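First the structure, in the form of structure tokens, and then the observations on it.
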Amino acid sequence: MNTVVVIGGGITGLSTMYYLQKLKKNSKSDMKLILIEANKTLGGKIHSVSNGPFIMETGADSIVARKQGVAELIDELNLHNEMVNNATGKSYIYHNNQLKPIPDDTVFGIPMSKEALFSSELISEDGKKEALKDFSTKNTSFTKDSSIGLFLETFLGKEIVKNQIAPVLSGVYSGKLNELTLATTLPYLLDYKNEYGSIIKGLSENKEKFQSAGNKKFVSFKNGLSTIIDRMEESLTDVDILKGVKVNKISPRQNGYTLQLSNQESIDTDYIVLSTPHTVAQNLLEDEKLDHDFNQLTNSSLISVYVGFDILDENLPADGTGFIVPENSHLICDACTWTSRKWTHTSKNRNLLFRLFYKNTDSTKFNYLNSLSKQDLIQVALKDIKMSLGISGEPICSEVTKWTENMPKYHLTHRETIDSLNDTLSNQYPNIILAGCSYYGVGIADCILSGKNTAYTIFNKNEGAY
Ligand SMILES: Cc1cc2nc3c(=O)[nH]c(=O)nc-3n(C[C@H](O)[C@H](O)[C@H](O)COP(=O)(O)OP(=O)(O)OC[C@H]3O[C@@H](n4cnc5c(N)ncnc54)[C@H](O)[C@@H]3O)c2cc1C
């Protein structure tokens with residue numbers, strides 16, 4: 001009987017186990033499955049907190065519904081009745097001390113038509129003219145490994161990128177556009193440029209794809225995103241789950257590995273899945289042959305601050321769901337979601353709930369914020385809310401989470417680094433597999449897919465071993 005240990009009970013580790021259990025059942029295999037999680041609860045970066053009439057998320061707040069595997073998993077877990085979608089509405093950009101809407105008919109701020117471009121209040125007439133060169137220029141040099149920032153600036157011009165696209169895209173992908181590739185962000189933009197001769201035309205020709213998903217783009221659950229974690233945990237009836245137990249060391253032994261645990265016990269295993277952050281994987285493997293590649297992987301940081309008020313949500317602009325703040329603004333936050341508006345299930349009494357994000361795009365500013373106490377961070381958030389929306393008052397609830405150096409940030413050569421890491425790993429440590437957000441995409445849907453792929457890899461290896 002072979003043993004598989006998954007280290008890390010976030011969505012990746014849970015998905016790995018979910019699909020391994022399914023494969024085991026279908027093939028009547030006698031594989032032993034063990035999941036080890038350092039925290040007392042499963043979920044990692046997915047954790048919902050209920051506080052009075054409000055539901056808040058310390059990490060992720062939703063799943064992109066249209067991504068591969070998401071609908072299938074929600075179906076299998078029988079979570080349809082629990083599902084909620086985001087309310088759609090306008091997103092604003094805080095531009096020149098005012099909230100200006102991101103025009104309709106845009107994808108991540110990129111116009112899908114000339115009309116959408118012309119309607120923008122965020123770009124000057126010259127900036128609009130410059131963007132039209134997208135229709136008359138050809139791509140001769142960009143590939144999917146090129147920087148998305150340079151690609152967009154080359155064809156659409158600097159102004160629209162700075163004022164309308166970068167605030168949206170850098171927010172979603174946590175990084176400066178010149179440090180992100182097309183491959184790890186919006187690879188289809190290159191296909192559109194090559195096929196239709198224009199990014200705008202390509203988006204326009206494929207409008208249906210974006211619009212059909214548009215109204216119900218994101219999914220959460222009535223009692224918060226943790227619902228999917230709880231349901232997955234319940235479904236793992238054939239898995240030994242150890243919570244509040246940390247893996248401290250991995251030692252090779254003949255045909256397998258021994259794990260030293262924080263509870264002083266040890267486990268012998270044939271397969272290991274490392275679905276922890278890459279820094280933990282690197283420390284556990286402790287091998288200088290892997291260090292070069294591991295050291296190429298970087299993380300960014302973020303502080304999330306929720307504040308809830310005893311003030312009705314109707315005090316906000318009627319059609320909005322939040323705003324993004326471009327660089328060099330006098331607001332300190334990078335973005336503010338009107339959570340009670342965007343996710344109505346989060347506020348039972350329809351009272352205002354805001355979530356403000358503080359990112360480490362400017363390290364001096366971020367280090368200062370990171371040194372503040374939770375109470376002081378709430379004061380910073382209240383000031384931002386007052387300046388941007390004119391709303392003031394004592395919050396009736398709050399939740400502050402610091403994600404310090406814990407959010408993977410993909411650089412231009414990310415794919416090559418992962419290939420090289422996997423090559424060395426499979427030579428030096430057969431049957432140890434890396435999975436999850438540090439390597440194969442940061443979105444929850446990517447992590448679910450990474451877990452599923454990992455389960456199939458192990459299962460096929462194991463079947464081949466007989
Ligand atoms: C603030 C924030 C907002 C986000 N918003 C979204 C969003 O809206 N939509 C979206 O799709 N994605 C979002 N993401 C990204 C997404 O949540 C993550 O990429 C994803 O949840 C990561 O899952 P994972 O299982 O790969 O890693 P993690 O969730 O980091 O899980 C790794 C687990 O390993 C455990 N661990 C670490 N060391 C050990 C050890 N030695 N022994 C045992 N266990 C160990 C940790 O405790 C942790 O539980 C967000 C992330 C953050 C931080």
The lone exception for Y440 - which of (1) in a helix (DSSP H, G or I); (2) within 10 Å of the ligand (Cβ to nearest atom) it fails = (1)
task = Starting from segment 270-296, take each residue that is over 15 Å from I433 (Cβ atoms) and list its partners that are within 11 Å of the ligand (Cβ to nearest atom) and open to solvent by 20 Å² or more (accessible area, probe 1.4 Å), counting only C-beta distances under 7 angstrom and pairs at least six apart or across chains.
result = P277/N406
remark   = Among helices (runs of 4 or more DSSP H) entirely inside segment 162-207, those with 1 or more residues being touching a Phe, Trp or Tyr at 6+ places or on another chain (Cβ under 7 Å) and closer than 17 Å to D362 by Cα are 166-173
query = Quick one: would you say E394 is away from the ligand (no atom under 16 Å from the Cβ) and either within 22 Å of the chain's Cα centre (by Cα) or open to solvent by 10 Å² or more (accessible area, probe 1.4 Å) (or both)?
reply = yes
inquiry  = Cβ-Cβ under 8 Å, sequence separation 6+ or interchain: first residue in segment 357-375 and in contact (Cβ under 8 Å) with a residue 40 or more places away in the chain, partner basic (K, R) and open to solvent by 40 Å² or more (accessible area, probe 1.4 Å). Which pairs?
reply    = T361/K176; N370/K402
task = Please state which one of N248, N263, N283 is more than 24 Å from Y18 (Cα to Cα) and either more than 9 Å from the ligand (Cβ to nearest atom) or in contact with a helix residue (DSSP H, G or I) (Cβ under 6 Å, 6 or more places away or on another chain) (or both).
result = N263
Selection within segment 382-391 - assigned to a helix (DSSP H, G or I), open to solvent by 20 Å² or more (accessible area, probe 1.4 Å) and free of Cβ contacts under 8 Å to residues at least 60 places away in the same chain = K383, K386, M387
message = Name the single residue that is nearest to Y306 (Cα to Cα) among those in segment 21-57 being β-branched (V, I, T) and out of contact with any Asp or Glu (no Cβ under 7 Å at 6 or more places or on another chain).
response = I55
note = Across segment 208-232, the tally of residues that are modelled with pLDDT of 95 or more, open to solvent by 50 Å² or more (accessible area, probe 1.4 Å) and assigned to a helix (DSSP H, G or I) stands at 2
inquiry  = Please verify whether T364 is of a type in the set (S, T, Y) and within 15 Å of the ligand (Cβ to nearest atom), treating the condition exactly as stated.
reply    = no
ask   = Would segment 406-416 turn up any residue that is in contact with a His (Cβ under 9 Å, 6 or more places away or on another chain) and open to solvent by 50 Å² or more (accessible area, probe 1.4 Å)?
value = no
request  = Give the residue, chosen from S420, S438, that is touching a residue at least 24 places away in the same chain (Cβ under 8 Å) and surrounded by fewer than 16 Cβ atoms within 10 Å (Cβ to Cβ).
outcome  = S420
Extreme residue, least open to solvent (accessible area, probe 1.4 Å), among residues of segment 233-245 that are assigned to a loop (DSSP other than H, G, I, E, B) and away from the ligand (no atom under 14 Å from the Cβ) = L236
query = Can you pull out the helices (runs of 4 or more DSSP H) entirely within segment 102-159 that have at least 3 residues that are under 20 Å from T181 (Cβ atoms)?
reply = 148-156
request  = Please specify each residue of segment 33-73 satisfying the condition of being more than 6 Å from the ligand (Cβ to nearest atom), crowded, with 16+ Cβ neighbours inside 10 Å and among the basic types (K, R).
outcome  = R66, K67
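The values are calculated or read from the model by the stated rules, or taken from the named source; none is laboratory data. Just so we're clear, the structure is a prediction, and the values are computed from it rather than from any experiment. As a convention, Cβ positions derive from the backbone with ideal geometry for all residues, glycine included, and neighbour counts pool all protein chains shown. For accessibility, only protein heavy atoms count, side chains too; no ligands or nucleic acids. Shrake-Rupley method; radii C 1.70, N 1.55, O 1.52, S 1.80 Å.
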